[in-house]
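Nothing in this text is a laboratory measurement; each read-out follows from the coordinates by a stated rule. Computed from a predicted model, the values in this text were never measured in an experiment. Virtual Cβ from ideal backbone geometry, glycine too; neighbours counted across all protein chains shown.
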Amino acid sequence: MGEVVRTSVEGAIGLIALDNPPVNAAGHDLRAGIVAALDRLADTPEVEVIALYGEGRSFIAGADIREFGKPPRDPWLPEVCNRIEGCGKPVISVLHGAALGGGLEVAIATHARVAIRGVQLGFPEVTLGVLPGAGGTQRGPRLAGVAAALDLITTSRRIGAEEALALGLVDRVTGGDPREVALAAARDVLDGRLATRRTKDIHIDPDPDSIERTRETLARTQAHLFSPHACVDAVELAAALPLEAGLARERALFQACIDSPQRAGLIHAFFAERAVAKIPEATAQPRPVTRIGVVGAGTMGAGIATACLLAGFPVVLAERSPEALARGEATVARNLDGAVTRGKMTAEARDAVRLATATDMAALGGCDLVIEAVFEEMAVKTAVLSEIARICPGAIIATNTSYLDLNVMAEALDAPANFVGLHFFSPAHVMRLVEVVVADGTAPEVVATGFALARRLGKVAVRSGVCDGFIGNRIMSAYRRAADIMALDGTPIEAIDAAVRGYGFAMGPFEMGDLAGLDIGWAARKRQAATRDPAARYHGALADRLCEAGWFGRKTGRGWYDHSGDTPVPNPDIPRFLKEIQEAEGLTPRLLRADEIVARYETAMIMEAARVVEEGIALRPIDVDAVFLFGYGFPRWKGGPMHQADVIGAGGLAARIERFASEDPGFWRVPGILRRMAREGGSFSDLNRER
Ligand code: 3H9
């Protein structure tokens, strides 16, 4: 027996304690340990009832995700569950912390379940591209009915103890220490006060209507995903077949999910969210943050203030003019109302937020962290930063700049160690990404504070070095540029947007541009005009024409699209502008197919991402993936641009870039890191392990 599972005997009760920190994932040792413990207690004559419980934070958080995709090692979790269910003595389980996925499957294979309040139960498998493959699709509907099982399995919704009781997934809800609860429940089994039964013997009502309804919903909402549809097939089989036959079919469907590239992408995304917290500054002590200042009450500043208020911080929002401040205050109020409507906050909590507003920056006195979100111009920003430093000596000062050089900004400050970038994404109270931008002089504990703050705000922080646009916007500039060039060359913008949506983004680049506002990119292009690489084609000609006409996107009613009707239609002036530009530049219009569009878009993204990794702007390739998953709507099931780079392979990418280089050699250049990988082997995934 592995030491992660321990047995003890108290009178007629055999206890099995699971102790596999941090979350009791059901890896090989835990599985083998459970089987050995069961055998031992089944053979112990005085033991009449067996109780399974978790030490530490959880009962079992699920199968060990790290083992997916590797050769399976016996005993598999389905076998463990079958052994539990088939045990000649009653086996019960006590659930606390997390009883998720394979953890819930172990529980529903036991003969009765007691939930400790605060436990989360659920089947998160579809978020990882798999299905509950240890009997969840077969035993779940036997206990909770087909409709409830389908809901839990296809939505991966996590539920609490009371709801699990109402659904029939658990038999009792209580409070207390798992071991004590296990002993008490086992005594109740012995005394006949807690009934036990085998889940396999429960009759299922087939409920074809629920199956049909779920299929229709998934066809509408999850058409691009593989595993939710397989879940419905498996649950349907549960109603039609005896347990053993249903389990065999579930296993085949589970294997199909494991083999799907979506599984690899989704699991990569799971680990990306956690990997980014591993930074060189992780051992530094974050400074306490008790009161946050935000300077600038535009969309960004108001969004950041909202995010801080939602996390319970007192916030001081400062803005120069009373009118702008009033607008900012109204935005915060609207954001908070929206959070109440979406169930993110109670109405009482909204009424209790601590927001102070001021037109005098002196009101920031006493804040231990101040974030500036003023106009994106160096002179404006540095003036504000020095003012903050004067009013709040010793405070951490953060800039929300999207592009500007933090090392230049730091020159305006006496204490550059206290200065850091906290780059939020709009809408800042909703989007999960925060880039923590580390300047040359930023102190490690200031970086650690940025990460700690992001965690408290419920966000994913990614460490970035300083460069134009940091990780995300720098890479975005490259694929945006590829999209602009495709449009200039004659592929309609709506075809480009549709192809990018087909790849899995919620929006294409031109739709996104209209939403964000074209004026931002226009200002950036003007700023970069002097330093633009003369060898590279200029991509902004068409966008410039739109901006010169005063069309900045949705906010002006027109941009790439005309937004005056119910559904946007391409701006009717684009063909005229294009013709003029193409004639002036001597271009022959060229129409790309969807696969050609996607290849250019994706390759431009990967090409720049590879450079960002090569230059050390991102700590690891997986950090780039996290930026795109949590800040740029990259399809989660594709894992991120660096994960996709490994899927395509360095050789294939280098060949693509060389092919595209014949059209635009100034832009398409194979980054050194890709060339090396293509020549010598290796992958971005290897770099994740090495760095
Ligand atoms: C499944 O069960 C399939 C079966 O149906 C069929 C099998 C045949 N495996 O999130 P945290 C690590 S699919 C391996 O920061 P929290 C995590 O990476 C599985 N590792 O803590 C992190 O490591 P590190 C279905 C896991 O307190 C550390 O534990 N289950 C697993 O914020 C702490 O994690 C799920 O999808 C795992 N299953 O949240 C549950 N889970 O420190 C996924 C966690 O090195 N897990 N780790 O970065 C969760 O939702 C959360 O981790 C949980 C704790 C709520 C449990």
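A Cβ-based charge dipole, computed about the Cα centre of segment 483-616 with Lys and Arg at +1 and Asp and Glu at -1, lands at about 240 debye.
The phi-based Karplus calculation (6.51 cos²θ - 1.76 cosθ + 1.60; θ = phi - 60°) puts the 3J(HN,Hα) values of segment 668-682 at 7, 9, 6, x, x, 4, 6, 4, 4, 4, 5, 7, 9, x, x Hz, whole numbers, x for Gly and Pro.
Sorting the segments 368-378, 144-154, 127-137 by their mean number of nearby beta carbons within 10 angstrom, highest to lowest, gives 127-137, 144-154, 368-378. Sparse packing (at most 14 other Cβ atoms within 10 Å of the Cβ) combined with a DSSP loop state is found for none of the chymotrypsin sites (Phe, Trp or Tyr not before Pro) in segment 59-110. Picking from GLN222, ALA185, GLY652, whose Cα lies most toward the positive end of the charge dipole for the chain (charges on Cβ: Lys, Arg +1; Asp, Glu -1)? The Cα lying farthest towards the positive end belongs to GLY652. Under a 5 Å amide H cut-off, with hydrogens placed 1.01 Å from N, VAL49 pairs with GLY14 among residues at least 5 apart or on other chains. Whole-Hz Karplus values for segment 605-621 come out as 5, 5, 4, 6, 4, 4, 5, 4, 6, 4, 7, x, 5, 9, 5, 9, x Hz, taken residue by residue from phi with 6.51 cos²θ - 1.76 cosθ + 1.60 and θ = phi - 60°; glycine and proline positions read x. Taking other Cβ atoms within 10 Å as a rough exposure proxy, HIS224, HIS429 sort from fewest to most as HIS224, HIS429.
With both partners inside the chain, how many of the DSSP beta bridges are antiparallel, as a percent to the nearest 5? Counting only bridges with both partners in the chain, antiparallel ones make up about 25 percent. The eigenvalues of the Cα gyration tensor, multiplied by 5 and square-rooted, give segment 290-464 an equivalent ellipsoid with semi-axes of 24, 18, 14 Å from largest to smallest.
For GluC sites (Glu not before Pro), the sites in segment 554-638 that DSSP calls loop and that have at most 13 other Cβ atoms within 10 Å are GLU615.
Once the gyration tensor of the Cα atoms in the chain is diagonalised, the equivalent ellipsoid follows with semi-axes of 50, 31, 24 Å, ordered largest first.
Since only GLY265, ILE391, SER564 are under comparison, the one whose Cα sits farthest along the positive direction of the charge dipole of the chain, derived from C-beta charges on Lys, Arg, Asp and Glu, is ILE391. In a fully extended conformation the segment linking ASP533 and LYS278 would gain 88.2 nm over its present Cα-Cα distance, using 0.36 nm per residue. Rounded, prolate or oblate: pick one for segment 395-477, where a ≥ b ≥ c are the square roots of the eigenvalues of its C-alpha gyration tensor, a/c under 1.5 means rounded, and failing that, prolate if a/b is larger than b/c, else oblate. Oblate, because a/c is 1.5 or more while a/b does not exceed b/c. Relative to the longest principal axis of the Cα atoms of the chain, the long axis of helix 299-310 makes an angle of roughly 30 degrees.
Dividing the C-alpha radius of gyration of segment 472-690 by 2.2 N^0.38 Å, with N its residue count, gives 1.02.
How many nm separate the modelled label positions at ALA594 and ARG251, each set 7 Å beyond the Cα in the direction of the Cβ? Each label point is offset 7 Å from its Cα along the Cβ direction, giving 3.8 nm.
With a Förster radius of 56 Å, plug the Cβ-Cβ distance of ARG576 and VAL647 into 1/(1 + (r/R0)^6) and report the FRET value to the nearest 0.05. With a Förster radius of 56 Å, E is 0.85. Among GLY140, ALA530, VAL316, whose Cα projects farthest towards the positive end of the dipole of the chain, with charges put on the beta-carbon of Lys, Arg (+1) and Asp, Glu (-1)? Comparing the listed Cα positions along the dipole, ALA530 ranks first. The loop-placed trypsin sites (Lys or Arg not before Pro) in segment 444-535, going by DSSP, that have at most 13 neighbouring Cβ atoms within 10 Å of their Cβ come out as ARG532.
Rounded to the nearest Hz, the phi-derived 3J(HN,Hα) couplings of segment 273-286 under the Karplus curve 6.51 cos²θ - 1.76 cosθ + 1.60 (θ = phi - 60°) are 4, 8, 5, 5, 6, 8, 10, x, 8, 4, 8, 6, 7, x, where x marks glycine and proline. In this Cβ point-charge picture (+1 for Lys and Arg, -1 for Asp and Glu), segment 410-526 has a dipole of about 380 debye about its Cα centre. Classify segment 15-56 as rounded, prolate or oblate from the Cα gyration tensor: take a ≥ b ≥ c as the square roots of its eigenvalues, call it rounded if a/c is under 1.5, otherwise prolate when a/b beats b/c and oblate if not. Taking the square roots of the gyration eigenvalues as a ≥ b ≥ c, segment 15-56 is oblate. Of the two radii for segment 345-404, the radius of gyration is 1.06 times the Kirkwood radius, both from the alpha carbons; that is the Rg over Rh value.
Using a simple spin-label model with pseudo-atoms 7 Å out from Cα toward Cβ, ASP74 and THR567 lie 5.7 nm apart.
Available extension along the chain between ILE202 and THR341 is 46.1 nm, counting 0.36 nm per residue and deducting the alpha carbon span. Computed about its Cα centre, the charge dipole of the chain is approximately 180 debye, with only Lys, Arg, Asp and Glu carrying charge at their Cβ.
Test of understanding: what is the full-extension gain from GLU548 to ASP519, defined as 0.36 nm times their sequence separation minus their Cα-Cα distance? Before the final figure, lay out each step's value.
Values: separation 29, 0.36 × 29 = 10.44 nm, distance 0.97 nm.
Using 0.36 nm per residue and subtracting the Cα-Cα distance, I get 9.5 nm.
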